[in-house]
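As structure tokens, the structure follows; a few thoughts come after it.
The values are calculated or read from the model by the stated rules, or taken from the named source; none is laboratory data. Just so it is clear, the model here is predicted, and its values are computed rather than measured. Cβ placement follows ideal geometry from the backbone for every residue including glycine, while neighbour counts extend to all protein chains displayed. The area values use the complete protein model at the heavy-atom level, side chains included, leaving out ligands, DNA and RNA. Shrake-Rupley method; radii C 1.70, N 1.55, O 1.52, S 1.80 Å.
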Amino acid sequence: MKYLVSVFAFTALAFANSGYNGISSGISPRNPGSDDITLTLINNWILPNMALGLDVFEGPGQFHVLAVDKDNNLIRVYDAASASPLGTITMNAANNSCFGTAWNNNPDADTYYTNDWINAALFYTEDYGTTWTTETNPAGLNGRGMDFDGTDYWQTNGTGGGLLRFQPGVGAENIAIPEVTEQPSGITVFPCGSNLGIAVTTYMAHNIYFYEWDGSTMSYIGSAACPSSCLFSLGLAYAETTGTLFWCYWDNSFNTHLTELSFTITSLERTSWGSIKSSF
């Protein structure tokens with residue numbers, strides 16, 4: 001059994017709020033959303049470092065949030081219950097414009113993928129950042145948020161580009177999400193009935209958009225307004241342990257927030273993550 005935190009190189013935190021590329025300009029709308037989707041803010045922490053993309057690590061006795069700190073070329077790890085810093089994974093030096101990260105959901109054989117908006121590659125490590133290998137990124141320079149559903153990886157694909165479902169080095173399928181007209185930032189997958197749920201955030205339109213994927217068709221469920229006023233919405237992740245979402249954003253003073261949200265989709269019956277994995 002591998003234990004994530006035991007191999008992290010613990011480092012001192014340094015405040016960094018420098019900008020990043022790829023954000024469209026314009027108004028930051030916060031729309032009312034759909035009646036059948038409810039988001040409730042449970043926790044809201046201010047972090048001393050940038051947090052982009054997000055993923056959740058869940059293993060025996062471990063429940064952590066992973067966040068990209070591109071200013072320091074690190075994946076930072078936070079305790080999911082308190083947002084206390086636990087450690088870091090150092091990214092490849094060529095991966096210094098990273099936005100998204102995705103873990104392969106296997107605590108016994110960890111693999112971590114990252115993308116980059118300057119380098120059209122996917123970087124991956126199987127030894128916690130000691131060595132990195134690359135594959136071609138099917139999103140090119142347009143990928144931002146990433147996640148893994150147990151079989152396939154998902155990645156946002158630029159403004160109007162939809163979502164990419166892919167297996168690194170094998171192939172990719174581009175799937176339209178025409179309801180999302182702003183540039184996407186975060187993406188996460190979650191159990192949704194007997195299918196796969198997908199939630200997407202955007203930099204500038206401050207809603208979370210929800211979809212259902214049945215293996216061949218993407219259906220739009222609706223959207224809900226982000227529960228906190230923000231300047232940029234920067235990442236999203238789902239936690240099986242709690243059935244909640246983790247969302248990160250910048251407030252109007254450029255503080256980085258990591259939050260935990262409960263969510264309810266009244267039109268659908270959500271089932272266990274195990275049943276989702278077994279159906280794919």
What pairs come out if I take residues in region 138-153 that are β-branched (Val, Ile, Thr) and pair them with residues that are part of a loop (DSSP other than H, G, I, E, B) whose C-beta lies under 8 Å away, six or more apart or interchain? THR151/PHE280
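One line per residue, one yes/no per condition, for (1) in contact with a Cys (Cβ under 8 Å, 6 or more places away or on another chain); (2) of a type in the set (Val, Ile, Thr); (3) at negative phi; (4) at pLDDT below 95:
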{"position": "SER6", "(1), (2), (3), (4)": "no, no, yes, yes"}
{"position": "ASN17", "(1), (2), (3), (4)": "no, no, yes, yes"}
{"position": "ILE27", "(1), (2), (3), (4)": "no, yes, yes, yes"}
{"position": "PHE63", "(1), (2), (3), (4)": "no, no, yes, no"}
List the number of the failed condition for LEU196; all other conditions in (1) within 17 Å of the chain's Cα centre (by Cα); (2) open to solvent by 10 Å² or more (accessible area, probe 1.4 Å); (3) in contact (Cβ under 8 Å) with a residue 40 or more places away in the chain hold. (2)
Which listed residue, of ASN137, ASN157, is under 19 Å from ASP55 (Cα atoms) and either of a type in the set (A, V, I, L, M, F, W, C) or open to solvent by less than 10 Å² (accessible area, probe 1.4 Å) (or both): ASN137
In region 79-125, how many are touching a Gly at 6+ places or on another chain (Cβ under 9 Å) and of a type in the set (Gly, Ala, Ser)? 4
Restricting to region 182-193, what's the tally of residues that are of a type in the set (S, T, N, Q) and surrounded by fewer than 22 Cβ atoms within 10 Å (Cβ to Cβ)? 1
Under 6 Å between Cβ atoms, which residue pairs at least 6 apart in sequence (or on different chains) link something in region 56-70 that is in contact (Cβ under 8 Å) with a residue 24 or more places away in the chain with a partner that is of a type in the set (Ser, Thr, Tyr) and assigned to a strand (DSSP E or B)? VAL65/TYR78; LEU66/THR101; VAL68/THR101
Does region 164-181 include one or more residues that are closer than 12 Å to GLY100 by Cα, in contact (Cβ under 8 Å) with a residue 12 or more places away in the chain and open to solvent by 60 Å² or more (accessible area, probe 1.4 Å)? no
With a cut-off of at least 1 residues that are over 17 Å from THR156 (Cβ atoms), without any contact (Cβ under 8 Å) to a residue 24 or more places away in the chain and in contact with a Lys or Arg (Cβ under 7 Å, 6 or more places away or on another chain), name the strands (runs of 3 or more DSSP E) lying wholly within region 214-267. none
All positions within region 77-99 that are touching a residue at least 60 places away in the same chain (Cβ under 8 Å) and assigned to a loop (DSSP other than H, G, I, E, B): ALA80, ALA83, SER97, PHE99
Quick one: THR11 ticks every box in (1) among the β-branched types (Val, Ile, Thr); (2) closer than 22 Å to ASP116 by Cβ; (3) open to solvent by less than 40 Å² (accessible area, probe 1.4 Å); (4) modelled with pLDDT under 95 bar one, so which box is it? (3)
